[in-house]
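Visitor: If you scroll down you'll find the structure; I have some questions about it.
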Amino acid sequence: MHRLPPRAFMVVALVLLVLAVLLGLLVGPVQIAPVKLLTLWSADQDMDGRVLELIRLPRVLLAALVGACLASCGAVMQGLFRNPLADPSLIGVSSGASVGASCVIFFGGFGFLGSGLGLPAIAIGAFLGGMAATAVVYRLATSVTGTSVSTMLLAGIAITALAGAVTSLFSFFADNEMLRRISLWQMGNLDSANWHRVMVIAAVVIPLVSVLPREGRALNAMLLGESEARHLGIGVEQLKRRLIVLTALGVGVAVAVSGVVAFVGLIVPHLVRLLIGPDHRYLIPGSALLGAVLLLLADTGARTLMSPAELPTGVITALLGAPFFVALLLRQRRGLVS
């Protein structure tokens, strides 16, 4: 595959992001004329203007922020594990969030906790569950000699399996309404988007996507191996700890507000790497831009494909992502064979 200059790719990705935002704002069960965008926040809004301000715009911003967070964290995890098939769920944050959300749903912890944040109890339970699972994985992988990436991978698999079993137990004993809520949350959905959630995730994701590219040089050194990175002056253990904390925080918040959205953190960094190369100085911000575009398009499709009904956004990303990823793997295999 012919690689693009990184700066040219960034420009193209920015243009695609603007187009995806416009598409998400104008397309849906209610079609809105582009001229209505000029009336946003005006005093004499009609119904279309209120739909844009209170429903469409928060959802579009939430989709862009979640997509950027998952994709950039996926790029970081692939660099840290030195494996293009890694994704943020390897450190257990997604499975732990599922346990936390299922626990809150099962025990009837509805209503608003910490209403100043505008986050329901389910989202708070998901965030705490994701953080707890990541802490366990990190503790299992850390010894007096440092943090082993391979042990972290195995611990993540074990914790993910355990969390899946606990979530299944909640689903087994839940009644029909609880089971439906658990299932819908695990599919990933942005239908509960509002300005409170946008502000909460923006407060985390915007600093995160600003800080992570600064670790690009260190991650490039990590691609050579941990020993080589140490010889180049990289504080490997501090880097691991810093990246795991940042990734867990970002993905934990993203999963808390949107549920489990599959494949974004896996496919997008892989595709960007094929397009512009493995330099993390450009790979991380490029993944953030393309991740926002992907989730925006997926959420727009979720709202329109079966209108007025709405599909879970995570189902759309999985339906699009799995065949696309298989095609990429087959393409790479043919390249190796030839």
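Quick note: the coordinates plus some simple rules give every number you see, no bench work behind them. Being a predicted model, the structure only gives us computed values, none of them experimental. Note that we place each Cβ from the backbone using ideal geometry, even for glycine, and neighbour counts take in every protein chain shown.
Visitor: Using a 10 Å Cβ count of at most 16 others and DSSP loop calls, identify the longest part of the chain lacking such trypsin sites (Lys or Arg not before Pro). Show your work: numbers first, answer last.
Guide: Working: sites that count: Arg3, Arg82.
Here the longest run is 83-338.
Visitor: Using the Kirkwood radius over C-alpha pairs as Rh, can you work out the diffusion coefficient of segment 6-333 via Stokes-Einstein at 10 °C, viscosity 1.306 mPa s, in µm² per second? Kindly include the intermediate steps, with their values, before the conclusion.
Guide: On the way: Rh = 20.3 Å.
D = 78 µm²/s.
Visitor: When only Cα pairs under 8 Å and 6 or more residues apart are kept, what is the percent relative contact order across segment 1-151?
Guide: Dividing the mean separation by the residue count of segment 1-151 yields 15 percent.
Visitor: Then there is this: Which residue, chosen from Ala20, Gly92, Phe9, occupies the Cα position most advanced towards the positive end of the dipole of segment 6-333, where the dipole is computed from +1 (Lys, Arg) and -1 (Asp, Glu) charges on Cβ about the Cα centre?
Guide: So the residue we want is Phe9.
Visitor: Distance from a point 7 Å along Cα→Cβ of Leu85 to each backbone N in segment 155-171: keep the residues under 17 Å and list them by number.
Guide: 155-158
Visitor: Could you give me the ³J(HN,Hα) list for segment 284-291, computed from phi with Karplus coefficients 6.51, -1.76, 1.60 and θ = phi - 60°, whole Hz, x at Gly and Pro?
Guide: 5, x, x, 5, 4, 5, 6, x
Visitor: Ok, one more. Just to be sure I understand the model, the point goes 7 Å from the Cα along the line to the Cβ. What's the resulting Val11 to Ala327 distance in nm?
Guide: Modelled inter-label distance: 2.7 nm.
Visitor: Continuing with the same structure: HN-Hα J couplings of segment 180-196 from phi, Karplus 6.51/-1.76/1.60, θ = phi - 60°, integer Hz, Gly and Pro as x?
Guide: Values, residue by residue: 5, 5, 4, 4, 5, 5, 5, 6, x, 7, 10, 6, 9, 5, 8, 5, 4 Hz.
Visitor: Here is a further query. By how many nm would the segment from Ala33 to Leu184 lengthen if fully extended, with 0.36 nm per residue of separation less the alpha-carbon distance? Provide the component values of the computation, followed by the final result.
Guide: Working: separation 151, 0.36 × 151 = 54.36 nm, distance 3.13 nm.
So the chain would gain 51.2 nm between Ala33 and Leu184.
Visitor: For the chain, what's the relative contact order in percent, using C-alpha pairs closer than 8 Å and at least 6 residues apart?
Guide: On the way: 528 pairs, mean separation 103.8, N = 338.
Worked out over the chain, it gives 31 percent.
Visitor: When only alpha-carbon atoms are used, what values of Rg and Dmax, in angstrom, describe segment 116-173?
Guide: 14.3, 43
Visitor: Can you give me the Cα centroid spacing of segment 4-41 and segment 140-156 in angstrom?
Guide: Centre-to-centre (Cα) distance: 42 Å.
Visitor: Using only the Cα atoms of segment 101-258, build the gyration tensor, take square roots of its eigenvalues as a ≥ b ≥ c, and label the shape rounded, prolate or oblate: rounded if a/c is under 1.5, else prolate if a/b is larger than b/c, else oblate. Present the calculation step by step, with values, prior to reporting the outcome.
Guide: Values: a/c = 3.02, a/b = 1.64, b/c = 1.84.
Oblate.
Visitor: Provide the per-residue ³J(HN,Hα) series for segment 163-178, in order, calculated from phi with Karplus coefficients 6.51, -1.76, 1.60 and θ = phi - 60°, each as a whole number of Hz, with x at glycine and proline positions.
Guide: 5, x, 5, 5, 4, 5, 4, 4, 5, 5, 8, 6, 7, 4, 5, 4
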